[in-house]
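What follows is one structure encoded as C-alpha cells, with my remarks underneath.
The values are calculated or read from the model by the stated rules, or taken from the named source; none is laboratory data. Predicted, not measured: the structure shown is a model, and the values here were computed from it. Here the Cβ positions follow ideal geometry from the backbone for every residue, glycine too, while neighbour counts run over all protein chains shown. With ligands, DNA and RNA removed, areas are computed over all heavy atoms of the protein, side chains included. Shrake-Rupley method; radii C 1.70, N 1.55, O 1.52, S 1.80 Å.
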Amino acid sequence: MSYQQKTKETNNSVVEFIESVDNQKKREDAYKLVDIFTDTTGYEAKMWGPSIIGFGSYHYKYESGHEGDAPLVGFSPRKAKISLYFAPGDSKREELLKEFGKHTTGKGCVYINKVADIDISVLQELIKQSVQFLQATYPNS
C-alpha cells in the first residue's frame, strides 16, 4: 500500500480560510503573516490541506523511498497558537530563534501567540534561511 500524503496543495481560497478563523486578532495576524511571507519569498499564498497557508514548494524524497511535496515555508492560525513552518533540519534556525521574541518550538514548528510578540526582521531571516536551505537540500524542486 502506498503512503498517501495528507497535506497537499489545494485550490481553496486563502482569504476564505482566514475569514473562517474565529478570533479577529488571529485573522489580522494571519493577513500580516501572508504579507510578510509573500514579500519575503516572492511566492503567493496557497492552501495546503485544510489549514496550512504555504509559500512555494519542494519535492522531498527520503532514503526510505517515501516522497512528496511540501511548502517551503508556511503558517497556520490554529486555535491555541499560530504555527510557523520552517525547514526541518536547518541548524541555523536555533541561532535566529534566540532573537525571535516570545515563542515555543515543536518538532517542525515554531509557535507564537501573536505577531506583536516577535521580531519581524528575524521572521524574515527565518523564512529566507528556510527557503535557501530547502532549495540547496532539494535542488530539483
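All of (1) within 18 Å of residue 42 (Cβ to Cβ); (2) out of contact with any Phe, Trp or Tyr (no Cβ under 6 Å at 6 or more places or on another chain); (3) surrounded by 13 or more Cβ atoms within 10 Å (Cβ to Cβ); (4) of a type in the set (A, V, I, L, M) hold for residue 134 with one exception: (2).
Conditions (1) more than 14 Å from the chain's Cα centre (by Cα); (2) closer than 22 Å to residue 17 by Cβ, marked per residue:
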{"residue": "62", "(1), (2)": "yes, no"}
{"residue": "76", "(1), (2)": "no, yes"}
{"residue": "88", "(1), (2)": "no, no"}
{"residue": "95", "(1), (2)": "yes, no"}
{"residue": "114", "(1), (2)": "yes, yes"}
{"residue": "138", "(1), (2)": "yes, no"}
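Pairing residues of the stretch 27-42 that are over 17 Å from residue 17 (Cα atoms) with residues that are modelled with pLDDT of 95 or more and aromatic (Phe, Trp, Tyr), at Cβ distances under 9 Å and at least 6 apart in sequence or on separate chains, gives 40/55; 41/55; 42/55.
Taking the residues in the stretch 101-112 that are more than 16 Å from residue 54 (Cα to Cα) and open to solvent by less than 60 Å² (accessible area, probe 1.4 Å) as candidates, determine which candidate is modelled with the lowest pLDDT.
First, the residues of the stretch 101-112 that are more than 16 Å from residue 54 (Cα to Cα): 101-107, 112.
Retained after the next criterion (residues that are open to solvent by less than 60 Å² (accessible area, probe 1.4 Å)): 101, 103, 106, 112.
On the way: 101: 97, 103: 97, 106: 85, 112: 98.
Applying the filter and picking the extreme gives 106.
When the stretch 61-88 is filtered for residues that are in contact (Cβ under 8 Å) with a residue 40 or more places away in the chain, small (Gly, Ala, Ser) and part of a loop (DSSP other than H, G, I, E, B), only 87 remains.
Cβ separations smaller than 6 Å between residues 6+ apart or across chains give the following pairs from the stretch 45-57 residues that are within 17 Å of residue 81 (Cβ to Cβ) and touching a residue at least 40 places away in the same chain (Cβ under 8 Å) to residues that are of a type in the set (Ser, Thr, Tyr) and surrounded by 18 or more Cβ atoms within 10 Å (Cβ to Cβ): 52/76.
Those residues that are of a type in the set (D, E, K, R) and either on the phi > 0 side of the Ramachandran plot or crowded, with 16+ Cβ neighbours inside 10 Å (or both), I need them from the stretch 30-47; list them, please.
Step one: filter the stretch 30-47 for residues of a type in the set (D, E, K, R), giving 32, 35, 39, 44, 46.
Result: 46, single match.
Look at (1) without any contact (Cβ under 8 Å) to a residue 24 or more places away in the chain; (2) over 19 Å from residue 119 (Cβ atoms); (3) under 15 Å from the mean Cα position of the chain (by Cα) and you find that residue 7 fails only one, number (1).
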